[in-house]
Every structure is written in structure tokens, then in C-alpha cells.
């Protein structure tokens, strides 16, 4: 099982933070409970004995509801001993000790015989106790339903907020690593399998020798090459050279591109850099290949027009890359290879010795190398015998290895469309013409006669 499949364990600091947060939450809940208990005690202490008696067990009165007219009759008969009023709910006890409840009726502004306004006067005249109480006349089911509705109203927005924040934090902490970058199988490619680029292969052999035996170089005080910058036109085999270097020294190969470090979440790019280099150290000997490294950009000083959070994040990503590359020890056996078509767009601090110690330039293939490339790619399709490869190679001036591969593939497509069993030399020249004259549709083709093409 490689490091990509391991689940990172929380650090001691994270464990302490989690424990502290849990303790703080517990203390907060205890404090709120104590405050609520103290408040209830103070409120009860300021109530009279009659109110306390009603509020202690209001269900004794609520269990015996009576009509409002019955309560009016009891008042007129002077049978009432005590009355407690809670809004429209009335709890009363008659002089025989029976407990009842009723509800006052609001008969409007023009009503003169309402019971509620007359209770104070009747209490004085008849000598029964009258007090204000605070009771909940709802049933247990009504209370539960109301509590659930209230809880849902409070919790639903919080759950939504927690989910959104959780998703953002998850992707930010996960970094790039949503599609987790697995360690590649050690490439089988070797320098002998790369056609051309002799100068580049020669320069990379020193890196391969170091990775095979870093102790030999460390013994004499030689510093490890921390990075190699491959600079050259598109399609000249920079990725292939990086894989060949990994194959030569039996190293693991991790491949990303410049846009890998970008993220919609602020700070996630830093996490991607840390995770990438952590995996590389765990998989040493290892080569980190960053294609289109100029996509990371240059650092800004914050004074340019339009600079903002994006530029600040880019600066932090580049600074983290520099710190990671400076942090390599002599025996860690990790080398960073960057590939670019625009070396001037790479930050100067990354190009200096100590970061990318070696700048290797790749060039377009020479005629003999183009001949080898045509031979290689034509060998991968059903090609006719007896092709004049030197002539084809001379015609393909300025084409990169990628262009030649595409040219042969297009020639095979032409042959298939014409119903031919083999790819002929004529189809190869047709494909070359398409490439050199601007594509499938080009007015330039009309300027070249068949005789000129034959010559």
C-alpha cells in the first residue's frame, strides 16, 4: 500500500484543539443551565403563595374544564375561593375545594359584561383570592409538536451552514488531492528509447548518476541537484525525457502541471504543494515533474494595477515551492523537473542555482533524427515498403517529434478514408502538405501545382 492510500492522522496540536473545543462547549452548556436555574429560582421567590399553588400543578385544574357561563354562575353564587388568571386561561377553586378551569371570552370593544375586567371588583366584594399566574395550558402532544417545530426552525439553517462550511473546509484541507495523485509505476522508458535530444540526455545523465548513488556525491561534499528546468518548443519530448530520467535511475515518477496548484479556495494551493512534496519524500527516490511550470507565474510586489487576492495566493504558492526545494537534504533523493515553453515567465527566484540547478534546452530534431522518428512511427502503422525516408525527413523541416507522430497518424487516416490497405508514401506527403500549408482547409494549397509538389 503506497502513501496515497494512507489516511493522515491528526497531530497532537489538532487533538488538543479538538479536546479544548469540546471542553469549552461543555462548560458553556453547564453555564447556561446554571443561569437558567438561577433565573427561575429568583422569579419563583417573588411570587405569592396562591400563584405558586396554581403553577405547581396546573394540570389539576386543566383536567376539569368548565364553560365560561358556569364560572359566571359560580361567581354570582359566591362559590369561588381563589382565581388565577393567565391570559385568557382561568384556573379557579370553589369553596368546597373543587378545582376547575375555563377560558375568558373576548366579546369585543362594545361588550360591557366581560368577566375579566370585573374580577378585581368581585374579588374585593366577595373576598376570594385573585392573582396573576404563568401556566401553559397546552397538552403534552401540543408542547412536543411546538418544540419540534421550533427546533427544526433553529437547527435547519445551522445544519445548512455547517454543511456548506464543512464542504469548503473538506476541499480546502484535501487540497488537490480530491483526485488524489497516486504514485506512478516506475517508468520503463530509458534514454536509449528517446530519439534525438542528445545534448539534453547528456546533461540529464549526471542527475541520473546522483540519484543512483547519492552517497558518492555527498562523500566529497557535492550538493544534490534539486531541480532541472527543461526549456524548449512544444512537442520536443520534455515529458519523455523526464520519464526516461526516472526510468534510468529506477525512481518513482509524480507528474502534475502548473495549474495543479491553483484552487478556488484561498490557501488550498499551499496545501497542495506540501502534500506533493511530502509524498515525494515518502516515495524517494522520486522525480516530481511539473509540466508547464510557467503556469504558476511570477510573484508580484502588490503595486501593479489589478493585483489582489489572486496574486497574493500565487506569491504564497511560489514561496512555498521555494521553501520546499530549499528544504531538501543531501540524501533525500528527490529531484524536481519543470518543463516550459516560456522560460522567461518562470519566477527568477526559481531559476537561480540552488533551486533549478540545471537548465536543459531541447531543440527540434535534425534531419537524421527526423528520419528515425518517421521510421519509428511508420513502424506502428501498416506502411508500404520502400519509402524514401531521407526525402520525407528533409521535407519535414521544422517539425517536432509530436508533429511527426501526428503527421503519420493523419496519413494513416487518409489511407483508411481512401479504402487503402497500406499507408503509402503519397499519403505521407499529403499529410505533410496539410501540416505545412496550414491545415485541412487552406487557400495556400491552390498556389502549388502538381508538378511543384512532385519535385
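Nothing in this text is a laboratory measurement; each read-out follows from the coordinates by a stated rule. Being a predicted model, the structure only gives us computed values, none of them experimental. Virtual Cβ from ideal backbone geometry, glycine too; neighbours counted across all protein chains shown.
Of note:
- Footprinting exposure proxy for 13, 138, 361 (fewest neighbouring C-beta atoms within 10 Å first): 13, 138, 361
- Tensor-based shape of region 119-171 (alpha-carbon gyration tensor, a/c under 1.5 rounded, otherwise prolate or oblate): prolate
- Sorted fewest first by neighbouring Cβ atoms within 10 angstrom, 158, 168, 373 come out as 158, 168, 373.
- Residue order, fewest to most surrounding Cβ atoms within 10 angstrom, among 123, 259: 259, 123
- Three-way shape call for region 371-428 based on the alpha-carbon gyration tensor, with the a/c threshold at 1.5: prolate
- Kirkwood hydrodynamic radius (C-alpha pairs) into Stokes-Einstein, region 322-432, 25 °C and 0.890 mPa s, D in µm²/s: 145
- Full extension of the segment from residue 78 to residue 395, taken as 0.36 nm per residue of separation minus the current Cα-Cα distance, would add 101.8 nm.
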